[in-house]
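Participant: Could you have a look at this structure, given as structure tokens, before my questions?
The values are calculated or read from the model by the stated rules, or taken from the named source; none is laboratory data. The structure displayed is predicted, hence computed values, not measured ones. Note: ideal-geometry Cβ built from the backbone for every residue, glycine included; neighbour counts use all protein chains shown. Protein only, heavy atoms only, side chains kept; ligands, DNA and RNA dropped before computing areas. Shrake-Rupley method; radii C 1.70, N 1.55, O 1.52, S 1.80 Å.
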Amino acid sequence: MRKSVREQRQLWFRRLDRAFWVIWAALPVVLWLAYYRTTTAAGAIAESLTGEQAKCAAIVADPLAMSAKGQMLFWALFALGVSFYAVLIGILHRMVNRFANGRIFVSETLQGVWWMGIFLVVWPFVDTSTTNAVAYALYKLGDIKFFLPSYGVDVGTIAGGVFLMALKFVLEHAILLQSENDLTI
């Protein structure tokens, strides 16, 4: 017996929903790997260089060699960066879960698209400003050797956010047109 297109799509979304649960289950491993690579970066760079070049590895921030205040600032920034991806994955997972349960064109989905768009528009500014503030504080504490501010923002992320915000309005209008069409006899 052949399944309808709708049933096939719901089956696809159910599989995708399970994949998101695998992502959540793998999150502790990914966090540990990120922690490990962050704490061993300076040593790995120093090992790959020879002679006088090895001294250049000292400019890479080593969070384990920082002061207590420096470590607190560094790991708070690290947690903020990780939270960006966790929030995005969470919003996407909720939307896919709704789709898997047959609720695609509902207000919650549109609100999810809207909030994801806002989050993507705001995040680059938050990221740049907090990174600069923490880097400056670490420089003043003496935990990093120099302060090099970053003035760039991720324009692609902002554009993606604006696109999602516009998409929300397009989908909202399409739902309105569909409901008007359904009322027509």
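Participant: Could you tell me how many cubic angstrom of Cα convex hull volume the chain has per residue?
Facilitator: Residue-normalised Cα hull volume stands at 162 Å³.
Participant: Would you calculate a helix-derived [θ] at 222 nm for the chain, using -39,500 (n - 2.57) for each DSSP H run of n ≥ 4 and dividing by the full residue count, to the nearest 500?
Facilitator: Working: 4 runs with 141 residues, N = 185.
Using -39500 (n - 2.57) per qualifying helix, the result is -28000 deg cm²/dmol.
Participant: What does the charge add up to near Phe20, with Lys and Arg as +1, Asp and Glu as -1, over the other residues with Cβ less than 15 Å from its Cβ? Don't skip to the answer; put the middle values down first.
Facilitator: Values: positive: Arg14, Arg15, Arg18, Arg94, Arg98; negative: Asp17.
Overall, the nearby charge balance is +4.
Participant: Right, something else. Using a basic spin-label model with each label point 7 Å from the Cα along Cα→Cβ, how many nm lie between Trp24 and Gln111?
Facilitator: That separation, rounded to one decimal, is 1.9 nm.
Participant: Which angle between 0 and 90 degrees, to the nearest 10, do you get for helix 107-141 versus the longest principal axis of the chain when only C-alpha atoms count?
Facilitator: The helix 107-141 is inclined about 10 degrees to the chain.
Participant: Percent of accessible area on the stretch 126-185 owned by carbon and sulfur, 1.4 Å probe?
Facilitator: Details: 2870 of 4230 Å².
Ligands and nucleic acids excluded, carbon and sulfur give 68 percent.
Participant: If R₀ is 30 angstrom, what is the calculated FRET efficiency for the pair Ser179 and Asn97, using the beta carbon separation as r and rounding to 0.05?
Facilitator: On the way: r = 24 Å, r/R0 = 0.79.
Once the sixth-power term is evaluated, E becomes 0.80.
Participant: If you don't mind, another one. What do you get for the angle between helix 155-183 and the principal long axis of the chain? Use alpha-carbon atoms, 0 to 90 degrees, nearest ten.
Facilitator: 10 degrees
Participant: Determine which residues of the stretch 108-124 fall in the zone a paramagnetic label at Leu16 would reach in this model, i.e. backbone nitrogen under 15 Å from the point 7 Å along Cα→Cβ.
Facilitator: Under 15 Å, as judged by backbone N against the label point of Leu16, lie 109-110, 112-113 of the stretch 108-124.
Participant: What is the projected area of the convex hull of the Cα atoms of the stretch 72-111, averaged over all directions, in nm²? Intermediate values should be presented prior to the final figure.
Facilitator: Details: hull surface 12.3 nm².
One quarter of the hull surface, i.e. the mean projection, equals 3.1 nm².
Participant: Apply the Kirkwood formula to the stretch 104-185: the hydrodynamic radius equals the inverse of the mean of 1/r over all pairs of different alpha-carbon atoms; give it in Å with one decimal.
Facilitator: Details: mean 1/r = 0.0648 Å⁻¹.
For the stretch 104-185, inverting the mean 1/r across all distinct Cα pairs yields 15.4 Å.
Participant: Rolling a 1.4 angstrom probe over the protein heavy atoms, how many square angstrom per residue are accessible across the chain? Don't jump to the answer; show the numbers that get you there.
Facilitator: On the way: 12570 Å² over 185 residues.
It amounts to 68 Å² per residue over the chain.
Participant: Of the listed peptides 144-156, 60-72, 116-128, what is their order by residue-averaged count of other C-beta atoms within 10 Å, with the highest listed first?
Facilitator: Per-residue Cβ counts within 10 Å, averaged per peptide and sorted highest first, yield 116-128, 60-72, 144-156.
Participant: Quantify, in whole percent, the carbon and sulfur part of the accessible surface of the stretch 21-125 (1.4 Å probe; protein heavy atoms only).
Facilitator: Working: 4620 of 6370 Å².
That fraction is 73 percent.
Participant: If you don't mind, there's one more thing I want to ask. Toward the positive end of the charge dipole of the chain, about the Cα centre and with charges on Cβ (Lys, Arg +1; Asp, Glu -1), which of Leu11, Met72, Ile104 goes farthest?
Facilitator: The listed residue farthest towards the positive side: Leu11.
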